Amino acid sequence: MLQFNDQRWTVGECSLSISLPFHSQTLPEAWWSLDVSAHPANSIHQRDDLRISIQPFFVPIRDWRELQDLEVSVDAAWQDAHEFVNEDGEVQWTEIEARWWPDRSINKAHYWLGDQFLLRFGSREHDHLIFELEGLLDTEEDYYCDPPTVSPEVPSEPRSPASLLLMGQIQLRTCEVDVPGEVRDPLAWAQDKAARTLGFRAFRSSHVRNVGGHPEIPLHSWKVALTPSFSE
């Protein structure tokens, strides 16, 4: 069930992704992202025209089983505590974003953004977790608008934030691991790091590719995409 901007939506796919980057003084050991797709409940077209995403966000756990019954409350204090410098040297914080394409023929999306929300995880059912997401999002124009230094002669009518309430099941889609180039078996190295970092022992699939060229990533290094299983 999804209620957003005073409208009901039918939820499509809900997925979590994890990135385990190279160790750095500025990068956290692991960061997560969340993606949801949906379409209007009363629409005859089944296109997922609404996308909701959160990235990056940080989950204070050492084992994936700790996700069950976990609550992540993102507010100003949380943002201050988890702000970091990304691989491009930019200060980054956690944002929730909603994109809606009311008319795909003109390829123009409406955007809402927010930096405060509440994310709750519940019990596990096979490879899915029950979860709930609540938040208030501003339009892109209001979110990036600086408050006026002088009060306008004719005050504009403030727009109310769009409320979001989502309840559903979510699946872990991928865990991407950066692996040093000198490692002989990048898949085994990545699986071991995923096990040590988050307790994953079972994987449904994997993909290894060679990358490099970024200042934070050595040449001829590896990126391994694992699909962990929520299983014992």
### Task
Take the Cβ-Cβ distance between Gln55 and Leu136 as r, set R0 to 22 Å, and report the resulting FRET efficiency rounded to the nearest 0.05.
0.75
### Task
Can you put Val224, Val85 in order of Cβ neighbours within 10 angstrom, beginning with the fewest?
Val85, Val224
#### Entry: Under 5 Å, built H, 5+ apart or other chain: amide partners of Phe84
Gln92
### Task
Collect residues whose amide H, placed 1.01 Å from N in the peptide plane, falls under 5 Å from the amide H of Leu70; neighbours closer than 5 in sequence don't count.
Phe121
## Note on the structure
Amide H proximity to Glu176 below 5 Å, modelled H, separation 5+ or other chain, gives Ile18, Ser19, Leu20, Leu226
## Note on the structure
For the pair Gln169 and Arg65, the simple spin-label estimate (label points 7 Å beyond Cα toward Cβ) gives in nm 2.2 nm
### Task
Multiply the residue gap between Arg8 and Ala109 by 0.36 nm, knock off their C-alpha separation, and tell me the result in nm, one decimal place.
34.5 nm
### Message
Taking the beta-carbon count within 10 Å as an exposure proxy, list Glu13, Glu90 from fewest neighbours to most.
### Response
Glu90, Glu13
### Query
Given the Cα-Cα distance of Val183 and Arg124 and 0.36 nm per residue of separation, how much length would full extension add, in nm?
17.8 nm
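Only the coordinates and a few stated rules stand behind these numbers; no lab work does. Everything numeric in this text was worked out from a predicted model, so none of it was measured. For neighbour counting, all protein chains shown are included, and Cβ atoms are generated from backbone atoms with ideal geometry for every residue, glycine included.
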